[in-house]
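Comments concern the structure below.
The values are calculated or read from the model by the stated rules, or taken from the named source; none is laboratory data. Owing to the predicted nature of the structure, the values given are computational and were not obtained by experimental measurement. Glycine gets a Cβ as well: all are built from the backbone with ideal geometry, and neighbour counts include every protein chain shown.
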Amino acid sequence: MLRDKSDVTLTPSGARGRGRAHEGLTEAGVLAPSVAEPVLSVGEGLPQGDKRALLPVYSQFPVRPVRGRGSWLIDENGDEWLDAYGGHAVAATGHSHPDVVRAVSEQAAALLFYSTAVPHPLREALADRLVELCPAPLARVFLCNSGAEANENALHLARRHTGRQTIVSVSGGWHGRTAATLACTDGQKYEAAARRSGIPLSRRVPFDDVAALEAAVDETVAALIVEPVQGLAGARDCAPEFLGAARRICHDRGAALIFDEVQCGVGRCGAFSAAEAYGVTPDVLTFAKGLAAGLPIGTVLATEEITSTLAPGDLGSTFGGGPVPCAAALANIAVIERDGLIGNAVAVGRYLTQGALKLGVKRVSGRGLLLGFHLDREASEVQRALFTHRILTGTATDPRVLRLLPPLSFSQLEADILFAGLKDVLQ
């Protein structure tokens, strides 16, 4: 095993700081409409009269990147942006790491794709590698295409194994946009979408509340699903005692324990899996975002007990475990291990925490390089101001939390650049 010994809220902003000065700025540092593409704000769709084909479902940063290296993006004007958001925690080894790019290129040239109708050595190699990296008895692997798909299949496995239907989830949890995962995701609009699909909602317990967990998990419950470190809620790290109690309660009552590590896994929080970092092993564990460095992938790891009755046709995915994403994931894991990026995530996460507190940040939550800076003002205001320094950060469902999910290779020098921008904004 590898171990260390809200979506965003966006408005237009200008650019100054590292890189070439941006032309066409107003005095306030905002891109003049005549020289800038429209930028979406929260709650807005595409601007009036816009005829582009894409559905207006995403709020977007005020940058159009065309290249990336490490923790830096280069926009179409040649300006450099420090990425402390990592594309939703996807760029684990940094943008376009040459080893990953080489592996993708070589595999694409050899065999771009064939479905799971045939075996493939890279699919088998990735499954074996994931089992090596995760705590026993997680020994069986199913590959798919995204975190939501991984969590959907995890819930399916739990219900199939137990013969029960009820799911317990934790307040603040985010698990995806498929029907079953929406029913476990905290938020009225997500619950409404699950109801429209006819999916029963999960039983939700307050964050870190062991007594509520004791009451909620009974003999009708198929599974408890929990993010060991919640992402969208603001990098909230569960107390070890809560996860330990979750393991005990699920075992005693015959329910499966599912760790959703779509955002907090793959080396981000102190070990390859948060399960290992906490010393608590679930029955089912999911990875996705950072696993293949930017190619679509998801994975479910489960115990032999949970998967023992599966037969051909019980699960399936046309694109899951395709040769190119598997090549990317194997190269990505090799870089994480060779370059000591888990240790770097811990060390730089500690450096970020200490530096933020010195700047007056009230509190820092999270682990490793999944961090929440708890501010004395709206995080969206700080995020917008950091755009003028060409620094990308995230926000959270907690409106006063600035969320950081940079590449695991993020350096202390890059942290200092972030601090310089943050100091200017906060003071």
Original post:
Can you tell me which residue in segment 133-158 is farthest from PRO228 (Cα to Cα), limited to those that are among the polar types (S, T, N, Q) and not in a helix (DSSP H, G or I)?
Top reply: ASN145
**OP:** Return the residue satisfying two criteria in turn: it lies in segment 288-338 and is among the hydrophobic types (A, V, I, L, M, F, W, C) and part of a loop (DSSP other than H, G, I, E, B), and of such residues it is farthest from ASP260 (Cα to Cα).
**Re:** ALA311
Original post:
Out of (1) hydroxyl-bearing (Ser, Thr, Tyr); (2) touching a helix residue (DSSP H, G or I) at 6+ places or on another chain (Cβ under 8 Å); (3) closer than 19 Å to PHE259 by Cα, what's the single condition that is false for SER171?
Top reply: (2)
Subject >> Restricting segment 159-173 to residues that are of a type in the set (S, T, N, Q) and part of a loop (DSSP other than H, G, I, E, B), the residue that is nearest to ALA302 (Cα to Cα) >> reply: GLN165
**OP:** Using the structure shown, decide if PHE410 is under 21 Å from the mean Cα position of the chain (by Cα), buried (at least 19 other Cβ atoms within 10 Å of the Cβ), closer than 20 Å to ILE74 by Cβ and assigned by TED's automatic domain parsing to the domain that holds ARG64.
**Re:** yes
**OP:** Kindly provide the set of residues from segment 127-159 that are closer than 19 Å to GLY198 by Cβ and among the basic types (Lys, Arg), ordered by number.
**Re:** ARG159
Subject >> Yes/no for GLY355 being touching a helix residue (DSSP H, G or I) at 6+ places or on another chain (Cβ under 8 Å) and of a type outside the set (A, V, I, L, M, F, W, C) >> reply: yes
Subject >> Qualifying residue in segment 137-149 (condition: farther than 27 Å from ALA277 by Cβ, surrounded by fewer than 21 Cβ atoms within 10 Å (Cβ to Cβ), assigned by TED's automatic domain parsing to the domain that holds GLY267 and hydrophobic (A, V, I, L, M, F, W, C)) >> reply: no
**OP:** Report yes if ALA239 is surrounded by fewer than 24 Cβ atoms within 10 Å (Cβ to Cβ) and modelled with pLDDT of 95 or more, otherwise no.
**Re:** yes
**OP:** All but one of (1) touching a helix residue (DSSP H, G or I) at 6+ places or on another chain (Cβ under 6 Å); (2) part of a helix (DSSP H, G or I) hold for ASP416, so report the exception by its number.
**Re:** (1)
**OP:** Please verify whether segment 221-228 includes one or more residues that are at pLDDT 95 or above, acidic (Asp, Glu), surrounded by 24 or more Cβ atoms within 10 Å (Cβ to Cβ) and not assigned by TED's automatic domain parsing to the domain that holds ALA84.
**Re:** yes
Subject >> In segment 348-367, the residues that are under 20 Å from the mean Cα position of the chain (by Cα) and either among the acidic types (Asp, Glu) or surrounded by 15 or more Cβ atoms within 10 Å (Cβ to Cβ) (or both) >> reply: VAL348, GLY349, LEU352, THR353, VAL364, SER365, GLY366, ARG367
